[in-house]
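Shown next, in structure tokens, is the structure this report addresses.
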Amino acid sequence: MKKVVLITGASSGFGKQIATLLSQEGHQVYGTSRKTVNEKLPYQMLVMDVTSSESIKKAVETVYKKENRIDVLVNNAGMGIAGETEMTTEAEIHKIFDTNFFGMVNLTHEVLPIMRKQKEGLIINMSSLAGIFSIPFQTFYSATKFAIEGYSQGLRFELQGSGIKLVLVNPGDYKTGFTGSRIFNERMGENYEKFKDCLKIIEKDETGGADPKKVAELISKIIRNPNPKHRYLTGKFDQKLAVTVKNIVSPKMFFGIIKGHYGM
Ligand SMILES: NC(=O)c1ccc[n+]([C@@H]2O[C@H](COP(=O)([O-])OP(=O)(O)OC[C@H]3O[C@@H](n4cnc5c(N)ncnc54)[C@H](OP(=O)(O)O)[C@@H]3O)[C@@H](O)[C@H]2O)c1
């Protein structure tokens, strides 16, 4: 059945692939980005900065006025910051939380009354494997994804009986614009050399990551499923395996495994 879908961060990476595939499948897709996109795309683009409540309201109003419903919300927009934890400024921490966490929360709260009125809807929140275990020198990125996990798991209790489903998607490393858009905190602290070495491993994992089309196919599958799972892990086998390992071994042993991977 044709759905009205709103996807944030559809100018690049996962969002662009998801919006393209869902449009090809016949859904009415609205993608968002902070800037006007001039490229010809198979879906409609709206300007939305998820850090601005006004911008969120305006975009949701536009979709609702045209379609009188929103069936699927894909909270995908996000950014990264890398650097030494102690050397990160308050402004940088606020920026990443405003984008990755508060942006998702504010948009969800704008769309929920529409879905509640419809008595149905699907919210897909883009978390990360970094929402299950922290990645060194991406502490605040991981913290935003942990916050998304807590928020989503909590909200799900309150959506019971409403007809609205909430799904978390946890990708491993994928080759998108994420690596290039990441902000670097280059301030030097006690761990600066370790940070530089670790960053090489992080970037190698990302640039050698999986094809983001796979995430688009997964989202399409979730939308078609009348009874989706609460969480979908996606990515290379060893990265998904890390989550199983985390559930089996002691926290100390798991810390050692991750530490070893990043050469720390
Ligand atoms: N790539 C990976 O390996 C990976 C793994 C796990 C999770 N993720 C998550 O997947 C999501 C998408 O990332 P991606 O990999 O596709 O990265 P990407 O290619 O850099 O795309 C990020 C998208 O987010 C949008 N965005 C950034 N800040 C925004 C803001 N303030 N308001 C509105 N839109 C904003 C960007 O649009 P504009 O710049 O045009 O506004 C862009 O379309 C993120 O939540 C990320 O954390 C990625």
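Identify all residues within segment 54-73 that are among the β-branched types (Val, Ile, Thr), touching a residue at least 40 places away in the same chain (Cβ under 8 Å) and over 18 Å from Phe97 (Cα atoms); write none if there are none. Give the derivation first.
Kept after step one, since they are among the β-branched types (Val, Ile, Thr), are these residues of segment 54-73: 56, 60, 62-63, 70, 72.
In the following step, the residues that additionally are touching a residue at least 40 places away in the same chain (Cβ under 8 Å) were identified as 56, 60, 63, 70, 72.
Passing the criteria: Val60, Val63, Ile70, Val72.
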Exercise for review: Would you check which residues across segment 122-141 are within 12 Å of the ligand (Cβ to nearest atom), polar (S, T, N, Q) and under 19 Å from Thr244 (Cβ atoms) and list them?
Suggested key: Ser127, Ser128
Review point. Val37: within 15 Å of the ligand (Cβ to nearest atom), of a type outside the set (S, T, N, Q) and at pLDDT below 95, yes or no?
Key: yes
**Study point:** Residue identified as over 22 Å from Val60 (Cβ atoms) and either surrounded by fewer than 20 Cβ atoms within 10 Å (Cβ to Cβ) or touching a residue at least 12 places away in the same chain (Cβ under 8 Å) (or both) among Met104, Met126, Met188
**Key:** Met188
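One line per residue, one yes/no per condition, for (1) at pLDDT below 95; (2) exposed (fewer than 11 other Cβ atoms within 10 Å of the Cβ); (3) over 30 Å from Asn191 (Cα atoms); (4) touching a Pro at 6+ places or on another chain (Cβ under 7 Å):
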residue	(1), (2), (3), (4)
Thr207	yes, no, no, no
Lys214	no, no, yes, no
Ile223	no, no, yes, no
Pro226	no, yes, yes, no
Pro251	no, yes, no, no
Ile257	no, no, no, no
Review point. Just checking, which of Thr20, Thr51, Thr88, Thr32 is buried (at least 16 other Cβ atoms within 10 Å of the Cβ), touching a residue at least 60 places away in the same chain (Cβ under 8 Å), within 13 Å of the ligand (Cβ to nearest atom) and on the phi < 0 side of the Ramachandran plot?
Key: Thr20
Review point. If you go through segment 150-182, how many residues are away from the ligand (no atom under 12 Å from the Cβ) and either outside any loop (DSSP other than H, G, I, E, B) or of a type in the set (Phe, Trp, Tyr) (or both)?
Key: 13
Practice item. For Phe178, state whether it is in contact (Cβ under 8 Å) with a residue 24 or more places away in the chain and crowded, with 19+ Cβ neighbours inside 10 Å. Key: yes
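Look through Leu46, Leu41 and report the one residue that is assigned to a strand (DSSP E or B) and farther than 16 Å from Val105 by Cβ. Working first, answer last.
Values: Leu41 fails: assigned to a strand (DSSP E or B).
Of the residues listed, the single one that is assigned to a strand (DSSP E or B) and farther than 16 Å from Val105 by Cβ is Leu46.
Does Phe146 fit the bill of being surrounded by fewer than 20 Cβ atoms within 10 Å (Cβ to Cβ), under 16 Å from the mean Cα position of the chain (by Cα), not aliphatic (A, V, I, L, M) and not in a helix (DSSP H, G or I)? Don't jump to the end; show me each part of the working.
Working: surrounded by fewer than 20 Cβ atoms within 10 Å (Cβ to Cβ): yes; under 16 Å from the mean Cα position of the chain (by Cα): yes; not aliphatic (A, V, I, L, M): yes; not in a helix (DSSP H, G or I): no.
So Phe146 does not fit the description; no.
Could you go through segment 86-107 and let me know if any residue there is closer than 29 Å to Val249 by Cα and outside any helix (DSSP H, G or I). Write out each step before concluding.
Within segment 86-107, the first condition is being closer than 29 Å to Val249 by Cα, and the residues that meet it are 86.
Subsequent filtering for residues that are outside any helix (DSSP H, G or I) retains none.
No.
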Review point. Can you name the residue in segment 62-85 that is away from the ligand (no atom under 15 Å from the Cβ) and part of a loop (DSSP other than H, G, I, E, B) and, of all such residues, is nearest to Asp197 (Cα to Cα)?
Key: Glu84
**Study point:** Matching option when the condition is near the ligand (Cβ under 10 Å from one of its atoms) and surrounded by fewer than 17 Cβ atoms within 10 Å (Cβ to Cβ), among Lys95, Lys119
**Key:** Lys95
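The values are calculated or read from the model by the stated rules, or taken from the named source; none is laboratory data. Keep in mind it's a predicted model, so treat the numbers as computed, not measured. No Cβ is skipped: glycine too gets one built from the backbone with ideal geometry, and neighbour counts run over all protein chains shown.
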